[in-house]
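The values are calculated or read from the model by the stated rules, or taken from the named source; none is laboratory data. Keep in mind it's a predicted model, so treat the numbers as computed, not measured. Reconstructed Cβ throughout: ideal geometry from the backbone, glycine too, with neighbour counts over all protein chains shown.
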Amino acid sequence: MIPLAVKSLRKSFGAFNAVDGLSFHVETGDIYGFLGPNGAGKSTTIRMLLGLIRPDEGDIRLFGKSLLQHRAECMSRIGAIVEKPDFYKYLSAYDNLKIFGTMSGADTSSVSLEKMLELVGLTGRGKDPVKNYSHGMKQRLGLAQALLHNPSLIILDEPTTGLDPQGIIDLRELILQLSHQGKTVFMSSHILSEIELIATRMVIISKGKAVAEGSVQELLNADDLVVDWFFPDGQEARSLFDQSEWKERIINSNSSAITLRLNEQEVQTVNNWLCQQGVSPVSINSRRKLEDYFMKLTH
């Protein structure tokens with residue numbers, strides 16, 4: 001059964017259409033990326049998915065059931081972090097989890113809570129008051145809270161906010177671990193490279209509408225690379241490329257670099273051709289980044 005299906009969702013605030021006919025679906029076991037520039041409607045959509053605000057039009061189905069008609073049942077199978085997690089700051093992390101776990105009917109035994117703190121990388125800090133936690137530690141604790149009742153669908157709104165590089169890596173590994181356990185993860189993020197690394201499917205929205213949806217492999221051709229060639233004299237190199245079979249592959253050029261769109265095999269071919277022409281690039285940088293595709297769709 002599909003964990004999440006959204007159809008023709010609309011939400012306006014006065015004359016502003018925050019979400020405008022948005023449709024997408026999330027399949028079981030997906031790590032689903034929810035992407036869009038600021039003001040695209042991501043936060044509004046997530047609030048509607050969690051029943052915090054009502055849509056003006058459209059349908060939200062969680063595990064095959066209407067969210068509007070079966071809200072309590074649907075919410076019992078969801079864990080979420082929306083923006084900045086909030087806690088009783090003068091209580092310990094352990095006590096916070098015990099309170100929230102009791103409210104959600106989760107197992108709040110000492111063994112269970114210690115395992116949860118270990119899972120999110122807070123081993124040994126459970127007795128510390130939350131007021132002494134860094135923002136990144138609060139993000140970790142928020143994730144522990146979201147997982148307490150063993151949800152089937154986990155909705156994360158910018159989960160890497162405030163995490164240091166190691167924290168981002170740890171979170172990435174945890175999300176992959178949850179996916180391998182059969183859980184479905186729906187996450188928005190402004191760190192597009194992270195989405196590219198772990199997402200199985202994604203939707204990109206702009207001005208409240210979906211502009212692309214599908215598997216990451218479908219949307220980002222693995223053989224399509226953007227390659228920057230750096231030269232001592234970029235103008236001379238550009239003249240050379242303009243007279244070659246590669247001239248139609250040029251994306252951009254300036255006084256020091258030329259950017260081409262190539263597949264993986266062609267990179268070596270172009271490099272060999274340059275050597276034959278007696279031209280040596282200073283350096284080569286190839287990439288296949290979600291940022292390129294994202295900017296193309298959303299400008």
Original post:
Just to be sure, is S280 of a type outside the set (K, R), part of a loop (DSSP other than H, G, I, E, B), modelled with pLDDT under 85 and surrounded by fewer than 16 Cβ atoms within 10 Å (Cβ to Cβ)?
Top reply: yes
Subject >> Pick from segment 122-136, criterion small (G, A, S) and touching a residue at least 24 places away in the same chain (Cβ under 8 Å), ranking: surrounded by the most Cβ atoms within 10 Å (Cβ to Cβ) >> reply: G126
**OP:** Considering each residue of segment 4-28, count those that are within 16 Å of the chain's Cα centre (by Cα) and crowded, with 17+ Cβ neighbours inside 10 Å, and give that number.
**Re:** 2
**OP:** Report those helices (runs of 4 or more DSSP H) wholly inside segment 27-119 carrying at least 2 residues which are closer than 30 Å to K11 by Cα.
**Re:** 42-49, 71-75
Subject >> Selected residue [within 16 Å of S286 (Cα to Cα), surrounded by 13 or more Cβ atoms within 10 Å (Cβ to Cβ) and not aromatic (F, W, Y)] from L240, L178, L260, L174 >> reply: L260
**OP:** Take P37 and decide whether it is surrounded by 13 or more Cβ atoms within 10 Å (Cβ to Cβ), under 19 Å from A144 (Cα atoms), assigned by TED's automatic domain parsing to the domain that holds G182 and not small (G, A, S).
**Re:** no
Original post:
Mind checking which residues of segment 243-253 are aromatic (F, W, Y) and loosely packed, with under 12 Cβ neighbours inside 10 Å?
Top reply: none
Original post:
How about segment 148-169: which of its residues are farther than 15 Å from S189 by Cβ, in contact (Cβ under 8 Å) with a residue 40 or more places away in the chain and either outside the structural domain of T28 (by TED's automatic domain parsing) or surrounded by fewer than 20 Cβ atoms within 10 Å (Cβ to Cβ) (or both)?
Top reply: H149, N150, S152
Original post:
Listed residues P129, P151, P165; which is over 30 Å from F24 (Cα atoms) and touching a strand residue (DSSP E or B) at 6+ places or on another chain (Cβ under 9 Å)?
Top reply: P129
**OP:** Return a yes/no flag: does segment 127-138 have any residue that is under 27 Å from the mean Cα position of the chain (by Cα) and acidic (D, E).
**Re:** no
Subject >> I99 assigned by TED's automatic domain parsing to the domain that holds L148, aliphatic (A, V, I, L, M) and either crowded, with 20+ Cβ neighbours inside 10 Å or out of contact with any Phe, Trp or Tyr (no Cβ under 8 Å at 6 or more places or on another chain) (or both) >> reply: no
